Amino acid sequence: MALEYIFRRIILLCFMLLLLSIFTFSLSFLFPGDPLTNLSGIQDISFHESDALSEKYKLDQSIPKQFISFITRVAQGDWGISFASQKPIFEHIVALFPATLELALYALLASIVFGIPAGIISAAYYEKWPDKIINTLTLLGYSTPVFWLALLMIMFFCLQLGLLPMSGRVSLLYEIPDITGFILIDILLSDVSYKFNAFIDAIKHLLLPTIVLSTYPTMVLIRFTRDSMLEVLEQNYIKTARAKGLSRSQLIFRHALRNALLPVIKQIGLQFSSLITLAMITEVIFSWPGIGRWLIDSIYQRDFPAIQGGLLAVSTFIILATVTADLIHSVFDPIIRNQTHGKI
Amino acid sequence: MAKFNFNTDISSEELNKSPLRQLWRHFKANHVALVGLWLFIALTILATLAPVIAPYGVNQQHTDALLLPPSWDDVGDVRFILGTDDLGRDILSRLINGTTYTFGLAILTALITTLLGVVLGVFAGMSKGVRSSILNHMLDVTLSIPSLLLAIIIIALLGPGLLNTVWAIILALLPQYIHSVRNLVVQELSKDYIVAQWLDGANSWHILSRGIFPNIYEHIVVIFTMSLSTAILDISALGFLKLGAQPPTAEWGAILSENLAFIYLAPWTVALPGILLFFAVLSTNLVGDGLRSALKKRKAI
């Protein structure tokens, strides 16, 4: 049963990736300009180059063959070159993605650490003052545009108080060799004399973007945990336990919590999609050298191969994260495995 | 168990009223939601009558008053209540006119999305078998791409601009909308009274118009408020990223990014559009939340 479920999910994953790659492939024809230029990233193609490139990209053959050659090139890591930098796009993505991922992971961690307990407290004190306070805060958090929040933070912490730096990942004073792309890990791995100072500095740089980025997912998790908890607390087995004379904390921690947190696991995986989008805005504001800022810059520069590559990388990552969360959810929750027959 | 409460006076009196009146009673009891509704109505009026209300023209420049702080500041001028920007344009007038672009266009966007989303969602909900399966998988893929990213891609195709932003956001919001409407329809279809109608020989159109739609339209309004708040946030975010409305259009996000260079010199030019944006989204969310809890309370009686 479990194997069948996993099998079905993997089929779905392949199907989603196939559709995504068809969409990305079709972009090179939809974007303005010559498809050959959009695919290869080489501008001003001369006449004799054009023949060789057409051969390579199979543009003289049927669309399905072009698509297969596109998939093969994507798998080999040949994603064309960027108009703006004339460097391979795959290199850019490998260099930039860890920065975004690092930011998104810390933000996700922060939202889990704050969001889930807040949601539980809110449900445990349903319609009493802690619930009301948390509810009001969630509503305010939901309604704050992320870029405005970032600017307010910058105005207050950087310009007014001068406590925190407002851009970049680490001060230019510290030179950190690039190993994994994750700045904190890189600092720990490096053998420089200013390791401690650099670490503190990197944390200071991380603080504001992480707070800004984690606001929205935290609100979502608070709401979701609260609703899920309230739903579980309505069920008959909880009423039975209550009738048997269990205390409130026993009810919540022993009986309700486990079942209420199951759907939250899936929700955490779904957060990646909003995290990556918000990361694009956050990165632009805090000059964070991640893939989001690069993608936005590519749009300004009408760098079509870069847009295409960035979209493919980001969406693939989001799809993988969603399916992984789904699988983890199914490991913990056997009920879900039985009812999924082509349903969402 | 309130469900089995037949004989108390209050609930029988309550049950005699029409569902819509009951809903309004529950909504009215929630004062915060009511404030949200008033704010929403005020913003709507502002959006429709902006050029009449605004004291100065959108792009009217006052060269004698550059980067003037709001009037309550010591060096402020009472002619310009919220101050001026670097080109000497009255910020109050620009913000009032911005309501039309950010809030008004967002309402328009959400309305068009509702129209398309309900039609397609009902179609998805009523179809069965392979067709519905393929549709669902397609929705799955588009749902996994975040709406703002989708909008950014569509803008990359169409080129930056305010109108393109509207199209992009409509297309980006649609999958979510179709998904929600489809779920509502499927939920309603499985209920007994619909089965009874089928057995009485009603056709699909009849079931849809007489059976399903009267029971889901209030939920559609809730989905509408959610997509409206997303639309406001997305329009302003795209304006802020310089992918949407282009200066000198007085869209709130665009005003914000235009004045970003003066964040140190003139922080009010950055803070004020943000506050309005915040209130616009907050009022929408308050109305949506109030409506949702009113629906839940009415169901509980």
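Just a few scattered comments:
- Region A:95-243 gives an Rg/Rh value of 1.12, both radii derived from C-alpha positions and Rh following Kirkwood.
- Taking label positions 7 Å along the Cα-Cβ direction at both A:Ile10 and B:Leu20, the computed distance is 5.5 nm, reported to one decimal.
- Between B:Trp38 and B:Arg210, the modelled labels are 4.4 nm apart [label points 7 Å from Cα along Cα→Cβ].
- Simple rule: put +1 on each Lys or Arg Cβ and -1 on each Asp or Glu Cβ in region B:71-124, find the dipole, and look at B:Thr102, B:Leu82, B:Leu116; the Cα lying farthest toward the positive end is B:Leu116.
- Rg in Å to one decimal, and Dmax rounded to a whole Å, for region A:246-344 via C-alpha atoms: 19.2, 64
- Neighbouring Cβ atoms from other chains, within 10 Å of the Cβ of residues in B:147-155, number 5 on average.
- Volume of the convex hull of region B:61-190 (Cα atoms only), normalised per residue: 144 Å³.
- Estimated distance in nm for a label pair at A:Ile179 and B:Asp77, the labels positioned 7 Å out from Cα along Cα-to-Cβ: 6.1
- Within chain B, the proportion of Cα pairs with more than 36 Å between them is 31 percent.
- Gain on full extension, evaluated as 0.36 nm per residue between A:Arg242 and A:Ile335 minus their Cα-Cα distance, stands at 31.0 nm.
- Additional length obtainable on full extension of the chain from A:Asp60 to A:Val192, 0.36 nm per residue less Cα span: 42.1 nm
- Put simply, when A:156-162, B:238-244 are sorted by average Cβ atoms within 10 angstrom per residue, most first, you get B:238-244, A:156-162.
- Electrostatic dipole magnitude of region B:188-268 [Cβ: Lys, Arg +1; Asp, Glu -1; Cα centre; debye, to 20]: 100
- Electrostatic dipole magnitude of the protein assembly as shown [Cβ: Lys, Arg +1; Asp, Glu -1; Cα centre; debye, to 20]: 2780
- The calculated 222 nm mean residue ellipticity attributable to helices in chain B amounts to -23000 deg cm²/dmol, summing -39500 (n - 2.57) over DSSP H runs of n ≥ 4 and dividing by all residues.
- The Cα trace of region A:1-127 gives Rg and Dmax of 21.9, 74 Å, the first to one decimal, the second as a whole number.
- log10 of Debye I(q)/I(0), alpha-carbon scatterers only, for chain A at 0.12 Å⁻¹: -1.03
- Calculated P(r) tail over 28 Å for region B:113-269, as whole % of Cα pairs: 37
- Distance cut-off 42 Å, percentage of C-alpha pairs in the protein assembly as shown lying past it: 31
- Shielding value for B:237-243 is 5, the average number of Cβ atoms from other chains within 10 Å of each residue's Cβ.
- Computed FRET value (nearest 0.05) for B:Ile45 with A:Leu161, which takes r as the C-beta separation and R₀ as 56 Å: 0.90
- Relative compactness, region B:248-301, computed as alpha-carbon Rg over 2.2 N^0.38 Å: 1.75
- Annotation: Cα Rg of region A:177-307 relative to the compact-globule expectation 2.2 N^0.38 Å equals 1.56.
- Inter-chain shielding of A:85-94 (mean C-beta neighbours from other protein chains, 10 Å cut-off): 0
- Using only side-chain charges placed at the Cβ, +1 for Lys and Arg and -1 for Asp and Glu, the dipole size of chain B relative to its Cα centre rounds to 1240 debye.
- Along the axis of the charge dipole computed for chain A (Cβ charges of +1 for Lys and Arg, -1 for Asp and Glu, origin at the Cα centre), the listed residues A:Pro289, A:Ser82, A:Ile211 are led at the positive end by A:Ile211.
Values quoted throughout were computed directly from the atomic coordinates according to the rules given, and no laboratory measurement underlies them. Quick caveat, the model's predicted, so the values are computed rather than measured. Every residue, glycine as well, gets a Cβ built from its backbone with ideal geometry; the counts of neighbours run over all protein chains shown.
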